[in-house]
Structure formats: structure tokens, C-alpha cells
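Dropping a structure here in C-alpha cells format, bear with me for questions.
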Amino acid sequence: MIKPEKTINGTKWIETIQINAEERATLEDQYGIDEDIIEYVTDNDESTNYVYDINEDDQLFIFLAPYALDKDALRYITQPFGMLLHKGVLFTFNQSHIPEVNTALYSALDNPEVKSVDAFILETLFTVVDSFIPISRGITKKRNYWDKMLNRKTKNSDLVSLSYLQQTLTFLSSAVQTNLSELDRLPKTHFGVGADQDKIDLFEDVQIEGEQVQRMFEIETQVVDRIDHTFNSLANNNLNDTMKFLTIWSLTMAVPTIITGFYGMNVKLPLAGMQYAWMLTLGISVALIVAMLIMLKVWRKM
């Protein structure tokens, strides 16, 4: 979808969302955007990047934003969105229709302090970076829940949920890190050449916000990994306790089997002719079992 043209202090803004083949052709024919650029900026597998075409004087920005698969379960991945400055016109590409990107764009448009297209781009990036924070807070609440679950019996569904949380942290942490790397690089690119004080301040604001979000996700990732490690340790300890019990039980049951096996053979055995020989075999079995348990206790195997 290509939305109607808007104006950012004299600069045209063309907003696109989930464009199809016909709309791609419109962008090529009507606005002269190269087909390769459209393919690049609408590719859902692209990572954060900034490209300046010195021949066309075009500037292309690609950043990653959070994309919810299941908000209630805190299942997120990241998807790219693009901004292209082409022949004095700003084009934005939100191919995955990410709500956070739409919010960021219109928040920058409605901001009275945004007085240039460069400021619009930086304010949009600031809001997108800021959109990671509520997700981090949700992960913190979920992590606190898992911390309390350490002393309780967990189900397989709980472990699957923890795995989803780790996947979310992996996607978002990587996106935050790559976004921050590009934000640190932007002031040194053509986009940052000749920046006035207001633009320099915006660069610093976005970078500081990116660093804060990065620290939040680093901490959450470390804590969740430790919780997962603790769960695995508890599961291994429980398995060891179970195996120890089964081993001792099998040894205990082996003693009477051996004794009765000897006295069940059709050959002459000592004491086999006594009237209460079966009580004798029972007594021998009990005595050997008790002796074995005492030895295991002394050897700290129980």
C-alpha cells in the first residue's frame, strides 16, 4: 500500500506498507527508484545498514524493529524497516507492517520540534529504539516468575515457555546491538556531515537510548540464562537422586533373589534339610540386605 503524500516541513514523504508488485512498478516508474533498491529495502532478511549513493545522492537507512508473534507469550522476532531519501523525497518502507514503526513515524510527524527531514529520521529511530523497553520490562516480569518457580515442580510446558523467552532475547538482543552499532556509525557518514548542534544532540539522544536498551537486554539475557542453567542443574540432580534410589532398590531386591535361587536348586545344600530352612533363607536375606545398606551408608552412597 502506498499512502497519500505527506509533507515534513516542505519535504515530501511517501509512506509504503506491504507493497505488492504493482506498487513496486509505480515506485519505479513514477518516482524513478531503482528496482534493486526496492528489492533491497523490502527484503525481510536484511539487517541494519546505511548506504549513501554518491552518484544519485540517495541515502538509504535500514533498521530492525521488534515484531510480535505472540504478545501474551512474549514471543518476538525482529523485522527490518527502511527509509530512503531519493531526489529530495523521503520514502519509508514498512513491509512487515510493524505497529511500532507506524507509531514511531507518526509520533515524529506530530512532534512540533521536528523541523527537518533529518530530525524526522532521527526522531523515528529514537522512538523505534524506545519501543524495545516495554518488551524488556515484560521479560523482567516473566523472569521474576521463573525465579519463583525454581523451588516448585515445573512442567514441560513451562520449560517450553522459558525456551521461547530465550529465543525472544536472542532476536532482540542481536537487533539492539546491530542497531546501536549503526547509530554509532551514522554521525561519521554522509548523513552526519555538517551537522548543526540540534542534529548532534539528536544523534547523542538516540545513541544514549540505544546504549540503555542494550544494557537492559544484556542483563536480562544473563539472568534468564542463569535461571535456565539452574533448571538444568535441578533436573540433573533430581535424575541422579532417582537413579540412586533405583540402584539401591535393585541391589536390595537382588539379595533375596540370589539366596532363594541357591536354595531352589535340586541339589543338596547346607542346612537345606532343616524343618524351618525357608525361615533361615529369609533371615540370611534380611541380614545381608541390612549389612549392604549399612555399608552403603558408611561409604556415603545413600
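The values are calculated or read from the model by the stated rules, or taken from the named source; none is laboratory data. It should be emphasised that the depicted structure is a prediction, and the values quoted were computed from it without experimental measurement. All Cβ positions, glycine included, derive from the backbone under ideal geometry; neighbour counts span all protein chains shown. Accessible surface is based on the protein model in full, side chains and every heavy atom, while ligands, DNA and RNA are left aside. Shrake-Rupley method; radii C 1.70, N 1.55, O 1.52, S 1.80 Å.
If only one of V160, V176 is assigned to a helix (DSSP H, G or I), of a type in the set (V, I, T) and open to solvent by less than 60 Å² (accessible area, probe 1.4 Å), which one is it?
Step by step, each of V160, V176 is checked, and only V176 is assigned to a helix (DSSP H, G or I), of a type in the set (V, I, T) and open to solvent by less than 60 Å² (accessible area, probe 1.4 Å).
While we're looking at this one, here's another question. Looking only at residues that are in a helix (DSSP H, G or I) and open to solvent by 90 Å² or more (accessible area, probe 1.4 Å) in the stretch 186-203, which one is nearest to Q166 (Cα to Cα)?
The residue in question is K188.
What is the residue count in the stretch 48-59 for residues that are out of contact with any strand residue (DSSP E or B) (no Cβ under 7 Å at 6 or more places or on another chain) and either among the charged types (D, E, K, R) or surrounded by 18 or more Cβ atoms within 10 Å (Cβ to Cβ) (or both)?
Number of matching residues: 3.
Mind telling me which of the residues I62, I77 ends up being touching a Gly at 6+ places or on another chain (Cβ under 7 Å) and under 30 Å from Q166 (Cβ atoms)?
Unique residue meeting the criteria: I62.
Now a separate question. Testing A65 on (1) touching a helix residue (DSSP H, G or I) at 6+ places or on another chain (Cβ under 6 Å); (2) crowded, with 19+ Cβ neighbours inside 10 Å; (3) closer than 24 Å to V193 by Cα, one condition comes back false. Which one is that?
Checking A65 against (1) touching a helix residue (DSSP H, G or I) at 6+ places or on another chain (Cβ under 6 Å); (2) crowded, with 19+ Cβ neighbours inside 10 Å; (3) closer than 24 Å to V193 by Cα, the one that fails is (3).
Continuing with the same structure: Give the stretch 17-30 a look and list any residue that's surrounded by 11 or more Cβ atoms within 10 Å (Cβ to Cβ), in a helix (DSSP H, G or I) and either among the aliphatic types (A, V, I, L, M) or in contact with a strand residue (DSSP E or B) (Cβ under 7 Å, 6 or more places away or on another chain) (or both), or say none.
Within the stretch 17-30, E23, A25, T26, L27 qualify.
Yes or no: the stretch 192-209 includes at least one residue that is small (G, A, S) and under 25 Å from P66 (Cβ atoms).
no
For (1) outside any helix (DSSP H, G or I); (2) open to solvent by 10 Å² or more (accessible area, probe 1.4 Å); (3) without any contact (Cβ under 8 Å) to a residue 12 or more places away in the chain, each residue gets a yes or a no:
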| residue | (1), (2), (3) |
| --- | --- |
| D36 | no, yes, yes |
| E46 | yes, yes, no |
| L69 | yes, yes, yes |
| D72 | yes, yes, yes |
| Q79 | yes, yes, no |
| S96 | yes, yes, no |
| E100 | no, yes, no |
| L105 | no, no, no |
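Of the residues that make up the stretch 131-138, is at least one closer than 16 Å to E209 by Cβ, assigned to a loop (DSSP other than H, G, I, E, B) and modelled with pLDDT of 90 or more?
Yes, that holds for at least one residue.
Is it fair to say I8 is open to solvent by less than 40 Å² (accessible area, probe 1.4 Å) and more than 30 Å from the chain's Cα centre (by Cα)?
In short, yes.
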